[in-house]
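> Structure below; questions to follow.
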Amino acid sequence: MSSLLRVLQLDQCNLTGSHVAILMRSMCPVPGTARDLKLHICQNRLEKGNSDIAAAIRDSLTPAHLTMRMVEYAKETGFRQLLEAVRRNTTLRSLDISKASLPSEQAEEETCFVLQRCFEENETLEELDISGEHAHLEDSRFGIGLNHALTGLRRNKSLKVLRLEYQNLDVQGADTLASVILGNDT
């Protein structure tokens with residue numbers, strides 16, 4: 001509950017989603033009010049207890065800035081549950097879920113649909129990083145479904161920064177992105 005704490009970095013601390021949910025609930029002085037804190041929980045075992053962390057995010061018990069890079073999802077339903085929670089969240093202003101490792105080479109159609117709805121309906125997120133990864137030994141991307149998910153940006157009124165590195169948008173994705181930006185008056 002320290003009001004002076006601005007950054008809490010807990011990368012690679014063997015934390016589960018349940019552990020992080022407890023932390024989020026305890027550090028939130030007023031539910032639904034964003035605390036000006038940057039919480040880093042990268043490379044932890046967040047899939048274990050994923051429903052707990054998703055519930056905390058959905059219930060807006062998050063700090064204003066959350067970084068959870070390089071989380072491995074054995075089942076894509078866990079990642080989809082996270083996106084659904086972000087869609088309903090009203091306290092996150094900055095979210096980094098880059099380099100998320102999904103079980104297959106491309107995100108399922110349903111996951112891309114949830115991301116589209118997240119773009120359309122979340123009204124507080126100003127910065128989002130959903131960059132993939134392309135290294136010699138690892139490859140994580142949304143795949144072609146990201147092109148459809150980007151159409152949700154047409155209705156987005158809050159996003160100021162969007163990072164899509166290593167997502168292999170191709171010409172079709174670039175065209176989609178250009179048309180949604182053109183169609184968005186904010």
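> Those residues that are over 18 Å from A64 (Cα atoms) and touching a Ser or Thr at 6+ places or on another chain (Cβ under 9 Å), I need them from segment 18-33; list them, please.
Taking segment 18-33 as the starting set, the residues that turn out to be over 18 Å from A64 (Cα atoms) are 18-19.
Hit for segment 18-33 is S18, nothing else.
> Another question, then. Filter segment 47-56 for residues that are surrounded by fewer than 19 Cβ atoms within 10 Å (Cβ to Cβ) and of a type in the set (S, T, N, Q) and give the result.
S51
Residue-wise test of (1) among the aromatic types (F, W, Y); (2) in contact with an Asp or Glu (Cβ under 7 Å, 6 or more places away or on another chain); (3) more than 23 Å from E76 (Cβ to Cβ); (4) open to solvent by 20 Å² or more (accessible area, probe 1.4 Å).
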site: L146; (1), (2), (3), (4): no, no, no, no
site: R154; (1), (2), (3), (4): no, no, yes, yes
site: K157; (1), (2), (3), (4): no, yes, yes, yes
site: N168; (1), (2), (3), (4): no, no, no, yes
site: V171; (1), (2), (3), (4): no, no, yes, yes
site: T176; (1), (2), (3), (4): no, no, no, yes
site: N184; (1), (2), (3), (4): no, no, yes, yes
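> Could you tell me which numbered condition V180 fails, if it satisfies all but one of (1) within 19 Å of F113 (Cβ to Cβ); (2) surrounded by fewer than 12 Cβ atoms within 10 Å (Cβ to Cβ)?
(2)
> Does R117 fit the bill of being part of a helix (DSSP H, G or I) and out of contact with any Ser or Thr (no Cβ under 9 Å at 6 or more places or on another chain)?
On the way: part of a helix (DSSP H, G or I): yes; out of contact with any Ser or Thr (no Cβ under 9 Å at 6 or more places or on another chain): yes.
The answer is yes for R117.
> When segment 28-66 is examined, which residues are found to be within 17 Å of T16 (Cβ to Cβ) and not in a loop (DSSP other than H, G, I, E, B)?
L39, H40, R45, N50, S51, D52, I53, A54, A55, A56, I57, L66 - these are the residues of segment 28-66 that are within 17 Å of T16 (Cβ to Cβ) and not in a loop (DSSP other than H, G, I, E, B).
> On the basis of being open to solvent by less than 10 Å² (accessible area, probe 1.4 Å) and over 21 Å from E108 (Cβ atoms), does L92 make the cut? Spell out how you get there, then give the answer.
Numbers: open to solvent by less than 10 Å² (accessible area, probe 1.4 Å): yes; over 21 Å from E108 (Cβ atoms): yes.
When the stated conditions are applied, L92 passes them.
> Can you name the condition, by its number, that D59 falls short on among (1) touching a residue at least 40 places away in the same chain (Cβ under 8 Å); (2) open to solvent by less than 80 Å² (accessible area, probe 1.4 Å)?
(1)
> From E76, E84, E72, grab the single residue that is touching a strand residue (DSSP E or B) at 6+ places or on another chain (Cβ under 6 Å) and either under 21 Å from Y166 (Cβ atoms) or open to solvent by less than 80 Å² (accessible area, probe 1.4 Å) (or both).
Values: E76 fails: touching a strand residue (DSSP E or B) at 6+ places or on another chain (Cβ under 6 Å); E84 fails: touching a strand residue (DSSP E or B) at 6+ places or on another chain (Cβ under 6 Å).
Being touching a strand residue (DSSP E or B) at 6+ places or on another chain (Cβ under 6 Å) and either under 21 Å from Y166 (Cβ atoms) or open to solvent by less than 80 Å² (accessible area, probe 1.4 Å) (or both) holds for just one of E76, E84, E72, which is E72.
> If I ask for residues that are at pLDDT 95 or above, assigned to a helix (DSSP H, G or I) and either over 30 Å from R6 (Cα atoms) or over 9 Å from the mean Cα position of the chain (by Cα) (or both), which ones from segment 86-113 would you list?
Selection gives R87, R88.
> Right, something else. Any chance segment 17-40 includes a residue that's crowded, with 17+ Cβ neighbours inside 10 Å, farther than 24 Å from G132 by Cβ and basic (K, R)?
Yes, there is a match, as at least one residue in segment 17-40 is crowded, with 17+ Cβ neighbours inside 10 Å, farther than 24 Å from G132 by Cβ and basic (K, R).
> Here is a further query. Out of the residues in segment 16-56 that are β-branched (V, I, T) and free of Cβ contacts under 8 Å to residues at least 40 places away in the same chain, state the one that is farthest from E76 (Cα to Cα). First the steps, then the outcome.
Residues of segment 16-56 β-branched (V, I, T): 16, 20, 22, 30, 33, 41, 53.
Now drop any that are not free of Cβ contacts under 8 Å to residues at least 40 places away in the same chain, which leaves 16, 20, 22, 30, 41, 53.
On the way: T16: 17, V20: 20, I22: 23, V30: 32, I41: 19, I53: 15 Å.
Out of the qualifying residues, it is V30.
The values are calculated or read from the model by the stated rules, or taken from the named source; none is laboratory data. All figures in this text were calculated on a predicted structure; none of them were measured in a lab. Note: ideal-geometry Cβ built from the backbone for every residue, glycine included; neighbour counts use all protein chains shown. When the accessible area is computed, the model is the full protein with side chains, heavy atoms only, and any ligands, DNA or RNA have been set aside. Shrake-Rupley method; radii C 1.70, N 1.55, O 1.52, S 1.80 Å.
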